[in-house]
Amino acid sequence: MSQKPDNLIAVLDVGSAWTRMLAADLNDGALRYRGHGLVESAGMRKGLISDLGQAAKAVKAAVDQTERTARANIDSCVVGVGGPHIRGVNTNGGLDLGSRMREITRDDVRGAIDRARAVERPPDREILHLLPRQFILDDQPGIFDPIGMVGARLEVDLHIATCSGSAMQSTITCANRAGLEVTEAVLESIAAAEATLSSDERELGVCLLDIGAHSSDLIVFFEGAVAHTGSIPVGGAHFTNDLAVGLQMPVAQAEDLKRQFGHAVVTAVPQEAEIDIANPQPQRLALRTVAEILEPRARELMHFVKESLRHGGVLDALGAGCVLTGGAAALPGMLDVTESQLRVPARTGMPVRLSNMPGELANPAFASLIGMLLYAHRTRVTRAAESNSLRTKLRALFAASF
């Protein structure tokens, strides 16, 4: 096994049902798949880590799988953060630049953002992302990059995505115990958007709903910027548990039944459709019975989504509709329920393909994982460009001094 190449990027998702890792490197400026690991999660309860030791073992197993496939050592990674503890808030702040107009600098932008972020929050809340929605220069709104412009007052409308500090630290600790250094944490819904949404959708207004096992994270873009984030305490495992209870069968059998024959719309299932099941004795089961259990849960999920959008003031801002990702997005009928509840068009979010990527990863369930790679790559490129720009300025200043 070779040492880790300088251009290798690894991302880690410690989910309720699965712990996954994905690694890629840069090849002629594009990301190329190197390897991935996928193991059942352990030590999780209701979307949060409840046993660090068991969760860390699952992370280590995913890392080992990835290293074998990639034929490289992995000692650092970017982690995804999601779940019912995610919160988002919109705020505003700004600063006066003096009595006379002057050119806006990067420090001025940082100062305005610092003013906007200075909102009270519970002591356990950690800021994941500071996402400027727009800058306002001398009462002129709609500015996305004010650096180099001239004005006397700079304001910013800011969206702040936060998470539970203890929940994020538990994820980082699991990675550390598996021998990984965590270089960055990314909100999983932002990552999923990175892999599935077009620039037109972000401009027109779109809601991305990433349906996980125990919760569903959502993010709304409008006019190219993040307008709302949140989390719904309903996920794919709730659909499975409903089947297990309603049909009095083991959870594993209910999961297989959901995947093979589930549907979220009763009327879309033929009345005569039946299958044979062993529960524990052989019996005939009408597939409409399965749909009659799943449809109410699908409608409940979309009801909570609608309430979150209404609370965030973005219910009427979805010109491009709703995009579903995550494992449960593949349940037949989910798009129909989404469209009927939200009154907007809906589609399944398929992630972009990486070079050399196995076909099995071209699936909505891997949208957030692939998006984390894209996000980490873009962040690395941006930081390198800023560093190069600073070095150029310093060299010019040094030369001018002589």
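Bear in mind that the values in this text are calculations on the coordinates, not laboratory data. Remember, predicted model here, so these are calculated numbers, not experimental data. Here Cβ is always computed from backbone atoms with ideal geometry, including for glycine, and neighbour counts include all displayed protein chains.
Anything in segment 216-263 that is under 21 Å from Leu309 (Cβ atoms), among the aromatic types (Phe, Trp, Tyr) and touching a residue at least 40 places away in the same chain (Cβ under 8 Å)? List them, or say none. Give the derivation first.
Here is the first cut: in segment 216-263, the ones under 21 Å from Leu309 (Cβ atoms) are 216-236, 238.
Remaining after also requiring among the aromatic types (Phe, Trp, Tyr): 221-222.
Within segment 216-263, just Phe222 meets the criteria.
Residue-wise test of (1) touching an Asp or Glu at 6+ places or on another chain (Cβ under 9 Å); (2) more than 25 Å from Ala191 (Cα to Cα); (3) not in a loop (DSSP other than H, G, I, E, B).
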residue	(1), (2), (3)
Gly53	no, yes, yes
Ala58	yes, no, yes
Val79	yes, no, yes
Arg100	no, yes, no
Asp107	no, yes, yes
Ile113	no, no, yes
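Being surrounded by 20 or more Cβ atoms within 10 Å (Cβ to Cβ) and either touching a Gly at 6+ places or on another chain (Cβ under 6 Å) or free of Cβ contacts under 8 Å to residues at least 40 places away in the same chain (or both) is the filter here, so list the residues in segment 50-72 that pass it.
The answer is Ala55, Ala62, Thr66, Ala70.
So which residues in segment 298-348 are acidic (Asp, Glu) and part of a helix (DSSP H, G or I)? Walk me through how you get there before you give the answer.
From segment 298-348, those acidic (Asp, Glu) are 300, 307, 316, 336, 339; that's our starting set.
Residues satisfying the conditions are Glu300, Glu307, Asp336, Glu339.
If you take the residues in segment 119-137 that are over 27 Å from Val78 (Cβ atoms) and touching a residue at least 24 places away in the same chain (Cβ under 8 Å), which one is surrounded by the most Cβ atoms within 10 Å (Cβ to Cβ)?
So in segment 119-137, the residues over 27 Å from Val78 (Cβ atoms) come out as 120, 134-137.
From what is left, the residues that are touching a residue at least 24 places away in the same chain (Cβ under 8 Å) are 134-137.
Numbers: Gln134: 17, Phe135: 26, Ile136: 19, Leu137: 22.
Out of the qualifying residues, it is Phe135.
Pick from segment 73-87 the residues that are surrounded by fewer than 20 Cβ atoms within 10 Å (Cβ to Cβ) and in contact with a Gly (Cβ under 9 Å, 6 or more places away or on another chain): which of them is farthest from Asp25 (Cα to Cα)?
Narrowing segment 73-87 to residues surrounded by fewer than 20 Cβ atoms within 10 Å (Cβ to Cβ): 73, 75-76, 87.
If we keep only those that are in contact with a Gly (Cβ under 9 Å, 6 or more places away or on another chain) too, we end up with 75, 87.
Details: Asp75: 14, Arg87: 32 Å.
Looking at the filtered set, the residue picked out is Arg87.
Scan segment 251-292 for residues that are small (Gly, Ala, Ser), part of a strand (DSSP E or B) and surrounded by 14 or more Cβ atoms within 10 Å (Cβ to Cβ) and jot them down.
Taking segment 251-292 and keeping what is small (Gly, Ala, Ser), we get 252, 254, 262, 264, 268, 273, 278, 286, 291.
From what is left, the residues that are part of a strand (DSSP E or B) are 278, 286.
Within segment 251-292, Ala286 is the sole residue that qualifies.
Thr19 - would you say it is in a helix (DSSP H, G or I) and either touching a His at 6+ places or on another chain (Cβ under 7 Å) or buried (at least 16 other Cβ atoms within 10 Å of the Cβ) (or both)? I'd like the intermediate steps shown before the answer.
Working: in a helix (DSSP H, G or I): no; either touching a His at 6+ places or on another chain (Cβ under 7 Å) or buried (at least 16 other Cβ atoms within 10 Å of the Cβ) (or both): yes.
No: the conditions fail for Thr19.
Quick check on my filter: what residues within segment 144-156 are surrounded by fewer than 19 Cβ atoms within 10 Å (Cβ to Cβ) and either closer than 25 Å to Gly312 by Cα or acidic (Asp, Glu) (or both)?
If the condition is that a residue be surrounded by fewer than 19 Cβ atoms within 10 Å (Cβ to Cβ) and either closer than 25 Å to Gly312 by Cα or acidic (Asp, Glu) (or both), then Phe144, Asp145 are the ones that fit.
So in segment 146-171, with the set limited to residues that are among the hydroxyl-bearing types (Ser, Thr, Tyr) and part of a helix (DSSP H, G or I), which one is farthest from Ala225 (Cα to Cα)?
Initially, segment 146-171 is screened for residues among the hydroxyl-bearing types (Ser, Thr, Tyr), giving 162, 164, 166, 170-171.
Now restrict to residues that are part of a helix (DSSP H, G or I): 166, 170-171.
On the way: Ser166: 28, Ser170: 30, Thr171: 28 Å.
So, considering only residues that are among the hydroxyl-bearing types (Ser, Thr, Tyr) and part of a helix (DSSP H, G or I), the one farthest from Ala225 (Cα to Cα) is Ser170.
Which of the residues belonging to segment 323-355 are of a type in the set (Ser, Thr, Tyr) and surrounded by 18 or more Cβ atoms within 10 Å (Cβ to Cβ)?
Initially, segment 323-355 is screened for residues of a type in the set (Ser, Thr, Tyr), giving 325, 338, 340, 348, 355.
Passing the criteria: Thr325, Thr338.
So Arg45 clears everything in (1) crowded, with 17+ Cβ neighbours inside 10 Å; (2) within 17 Å of Ala237 (Cβ to Cβ) except one condition, right? Which one?
(1)
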